[in-house]
Each structure stands twice: as structure tokens, then as C-alpha cells.
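Q: One structure, pasted below without further comment.
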Amino acid sequence: MIVERIWTGNAYRNYNYLVACPETGEALAIDPLDSAKTLATARVKGWQITQILNTHEHHDHTGGNAAVVAATGARLIAHHRVGSRIAGVDRGVQAGDVIKVGRTVELECLDTPGHTMCHICLRSHTEQPALFSGDTLFNAGAGNCHNGGDPVAMYTTFAEQLAQLPDDTLVYPGHDYIENNLKFTLSREPGNAAAQALLPQVTGHDAATSPVTTLAQEKGFNVFFRLTSAAVIERLREHFADLPAQPDARTVFIKLRELRNRW
Ligand SMILES: [Zn+2]
């Protein structure tokens, strides 16, 4: 499996991806908002885009579909219940479905509600596990829930699916927010050594060269995985007087998400 991360350089800080089979040159385009850059990258690499996957229905993920379909004839794949919110879907997928790319690439669909209720993450089981996480899990952060999402569903997705993936899983999200996200972690857990170490490397960085994190790293510096940290809970209780001394993980997640909304 070859992964090409395409930095759009737009105001929303989107990443687009091409995932290619090294034997056949067939490629899957994930959320190709910047259709021109996606098509140009495929051309340079000598790849044929045969499929497109939209992780979810927001325009900054679907806006390039028409141009890529027009140029390549690719089939469009999205969540099976997304309905008319994405135009021209050829294949609706649900949890456990597999997207094959060429001869060597197989990506498992995870049904990951939270950012929206029709959100798909893709998981690769290859020697180097990978997760294409859309707007669910970001490097050092979590997606917002205010455009059709639900923070309780997001918590369940994190706890029951994402946190269970292998530690060496590479995380390929839909946006570059790593600098702000690390700052948020440090605002909640000032002594977080992993966040302190990484922040200087990404301060004022070029997102084209941003680090690709692993799930093990995320568990260190992503506060949305640090729900049982005594330091996180103690500081949260300063904000939310009604929070018990030993709150459940779901409550901590939801309070963090609430703070991040207005941070
Ligand atoms: Zn979105």
C-alpha cells in the first residue's frame, strides 16, 4: 500500500489522500476536495484513480468529487445511510465492508459516528497498520460535533473502536490541526511531556511536512485519549464544579469536547 498525503494549503487546512496498489497502479482518492492537486499527483505517479471515498458529507470533503469523477470515471463510495447529502454515490458501505484497491490493498470500513452520524473511517491491516480517520480523530485532537454530530457518539467511537486499534497504527486525518490541538492538550494537562516535546516541532510548521502520528503517540499527547489522567480530571473540576472526584470516562470526554468548542 502506498499512501500519498496531499496538503491542500486551503483555509480549512484539509488533507486529501491517494492510496495506491504498487502492483497495478490503481488508486483510491479519499476526500479529494482539491481535485486539481489530487489529479496532478496521480498523473505524476502514473496511478489511475478508480474509486473515491468520502469519509462524510461535509462540503470540504465532497467538493472535489464531480471533477475527479469527470476526469477519471471513478466510483464514489460513502456511508450507506448518507442518502442525498452526497450526490452520485455508487456504493454505500457499512461497518466491516472492504474496499479493495488493485491487487494488494484492502481497507476495512469502520462506522464511526460522532463528527457526523454518517462517518466512515478506513482501516488498513497491512504490515504497517493505518487509519484514515476523516474528521473523527485528528493528530492530537478530536473532531467537533456541531454540524450534525453528537459528542456521546464520538466518545463511544473513540473508546470502543479507535482506542482498540494496534498501537503502531498510523493516523491520517482530514485536516492539519496538530499545533492547536497540542496547545489544547497543554491547557488541560500542562505537565504532559509528550505534548511539550512535540509542540516546538510543529509551531508555525508547514503542514506538508507535518508528522504522521501513531496511535501510541496519540494516547500520550491527545487529551481525548487521556480520560483517566488524574491531572486532566483535577483541572476539569476547577472548571466544572459539579464534576465528581472520579468521573466516568464518557463524562470527561464530553466536558473536554465542550471546552474545546470555545477554546
Ligand atoms: Zn467535517
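Q: Can you tell me how many residues within the range 136-156 are open to solvent by less than 10 Å² (accessible area, probe 1.4 Å), more than 14 Å from the ligand (Cβ to nearest atom) and over 14 Å from Leu256 (Cα atoms)?
A: The number of residues fulfilling the criteria is 1.
Q: Say whether the condition of being open to solvent by 30 Å² or more (accessible area, probe 1.4 Å) and free of Cβ contacts under 8 Å to residues at least 12 places away in the same chain is met by at least one residue in the range 221-231.
A: yes
Q: A further question on this structure: If you check every pair at least six apart or on different chains, which have Cβ atoms under 7 Å apart with a residue in the range 7-36 that is closer than 18 Å to Ala78 by Cα first and a residue that is assigned to a loop (DSSP other than H, G, I, E, B) and among the charged types (D, E, K, R) second?
A: Hits for this filter: Tyr15/Asp176; Asn16/Asp31; Asn16/Asp34.
Q: Have a look at Asp97, Asp31, Asp111 and point out the one that is within 15 Å of the ligand (Cβ to nearest atom), closer than 26 Å to Leu165 by Cβ, among the charged types (D, E, K, R) and open to solvent by less than 50 Å² (accessible area, probe 1.4 Å).
A: Within the list Asp97, Asp31, Asp111, the selection yields Asp31.
Q: Considering (1) within 16 Å of the ligand (Cβ to nearest atom); (2) of a type in the set (Ser, Thr, Tyr); (3) in a loop (DSSP other than H, G, I, E, B), say which one Ser133 fails and leave the rest.
A: Among (1) within 16 Å of the ligand (Cβ to nearest atom); (2) of a type in the set (Ser, Thr, Tyr); (3) in a loop (DSSP other than H, G, I, E, B), the lone unmet condition for Ser133 is (3).
Q: Working carefully through the options Arg43, Arg103, find the one that is part of a loop (DSSP other than H, G, I, E, B) and charged (D, E, K, R).
A: Arg103
Q: Follow-up question, since we're still on this one. Within the range 187-198, is even one residue within 15 Å of the ligand (Cβ to nearest atom) and open to solvent by less than 10 Å² (accessible area, probe 1.4 Å)?
A: No.
Q: Being closer than 24 Å to Glu108 by Cα and either modelled with pLDDT of 95 or more or more than 16 Å from the ligand (Cβ to nearest atom) (or both) narrows it down to one of Thr8, Thr24, so name that one.
A: Within the list Thr8, Thr24, the selection yields Thr24.
Q: Let me ask something additional. Can you tell me which of Ala249, Ala216, Ala207 is modelled with pLDDT under 95, among the small types (Gly, Ala, Ser) and surrounded by fewer than 19 Cβ atoms within 10 Å (Cβ to Cβ)? Don't jump to the end; show me each part of the working.
A: Numbers: Ala249 fails: modelled with pLDDT under 95; Ala216 fails: modelled with pLDDT under 95.
Answer to the selection: Ala207.
Q: Right, here's the next one. In the range 232-263, what residues are closer than 17 Å to Asp150 by Cβ and without any contact (Cβ under 8 Å) to a residue 12 or more places away in the chain?
A: Hit for the range 232-263 is Thr251, nothing else.
Q: Can you name the residue in the range 53-75 that is farther than 16 Å from His119 by Cβ and open to solvent by less than 50 Å² (accessible area, probe 1.4 Å) and is also farthest from the ligand (Cβ to nearest atom) among such residues? Write out each step before concluding.
A: To start, the set of residues in the range 53-75 that are farther than 16 Å from His119 by Cβ comprises 63-75.
Next, only the ones that are open to solvent by less than 50 Å² (accessible area, probe 1.4 Å) stay: 63-65, 67-68, 74.
On the way: Gly63: 11, Gly64: 14, Asn65: 15, Ala67: 19, Val68: 18, Ala74: 21 Å.
The extreme case among them is Ala74.
Q: Ala197: within 20 Å of Val171 (Cβ to Cβ) and either within 16 Å of the chain's Cα centre (by Cα) or free of Cβ contacts under 8 Å to residues at least 12 places away in the same chain (or both), yes or no? Let's see the steps before the verdict.
A: Working: within 20 Å of Val171 (Cβ to Cβ): yes; either within 16 Å of the chain's Cα centre (by Cα) or free of Cβ contacts under 8 Å to residues at least 12 places away in the same chain (or both): yes.
In short, yes.
Q: Scanning the range 76-94 for residues that are small (Gly, Ala, Ser) and over 23 Å from Met154 (Cβ atoms), which turns out least open to solvent (accessible area, probe 1.4 Å)?
A: Residues of the range 76-94 that are small (Gly, Ala, Ser), as a first pass: 78, 83-84, 87-88, 92.
Subset that is over 23 Å from Met154 (Cβ atoms): 84, 87-88.
On the way: Ser84: 119, Ala87: 84, Gly88: 58 Å².
The selected residue is Gly88.
Q: With respect to Ala66, determine if the residue is touching a residue at least 40 places away in the same chain (Cβ under 8 Å) and hydrophobic (A, V, I, L, M, F, W, C).
A: So Ala66 fails the test.
The values are calculated or read from the model by the stated rules, or taken from the named source; none is laboratory data. Treat the numbers as computed from the prediction; the structure is a model and nothing was measured. Ideal geometry is used to build each Cβ from the backbone, glycine not excepted, and the neighbour counts take in all protein chains shown. Remember, those area values only see protein heavy atoms, side chains included, never the ligands or the DNA or RNA. Shrake-Rupley method; radii C 1.70, N 1.55, O 1.52, S 1.80 Å.
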